[in-house]
Amino acid sequence: MVGQPRPPLPLDDLERALREEADALVAGDADRLHAAAACKVDLLAQIKVAWRAAAPGERRRCALALQAARSRHEAHAGVLATRMAMARAQLDTLLGRGEALLYAPDGAFAPRLPAGARELA
């Protein structure tokens with residue numbers, strides 16, 4: 001591969017995508033979070049291709065950057081998992097654990113009868 005340009009390792013772009021992902025998590029912005037995650041996946045695919053052509057020094061630098069990125073990704077995943085658990089708990093509370101209680105479209109409390117039960121007149 002002498003004389004041929006090597007594809008760049010977009011490590012700075014990956015860092016920006018991780019920052020955007022963190023900002024979206026803090027803001028609770030699902031659309032921004034989705035966009036940042038999709039960008040991150042694309043950048044990792046680019047890095048995989050560039051890695052093959054990278055010089056040994058670039059590979060060491062890339063490995064360190066990817067190690068830091070993995071730690072941030074795992075932290076973001078932990079935050080997201082916590083938020084999802086909280087949302088599930090809130091839904092369980094709102095819906096009376098998913099079976100017994102519901103709210104009508106107008107917001108009024110509307111108990112749900114168990115399957116096979118009939119309302120008494």
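Miscellaneous remarks
- Looking across the range 30-63, the residues that are over 30 Å from MET84 (Cβ atoms) and either hydroxyl-bearing (Ser, Thr, Tyr) or touching a residue at least 12 places away in the same chain (Cβ under 8 Å) (or both) come down to VAL49, ALA50, TRP51, ALA53, ALA54, ALA55, GLU58, ARG61, CYS62.
- Residue match in the range 74-83 (condition: exposed (fewer than 10 other Cβ atoms within 10 Å of the Cβ), at pLDDT below 90 and not small (Gly, Ala, Ser)): no
- Check on ALA45, at pLDDT 95 or above and of a type in the set (Gly, Ala, Ser): no
- In the set LEU14, LEU95, LEU33, LEU43, only one residue is in contact with a strand residue (DSSP E or B) (Cβ under 7 Å, 6 or more places away or on another chain) and surrounded by 13 or more Cβ atoms within 10 Å (Cβ to Cβ); that residue is LEU95.
The values are calculated or read from the model by the stated rules, or taken from the named source; none is laboratory data. What you are looking at is a predicted structure, and each value in this text was computed from that prediction instead of being measured. In this analysis, Cβ positions are derived from the backbone assuming ideal geometry, glycine residues included, and neighbour counts consider all displayed protein chains.
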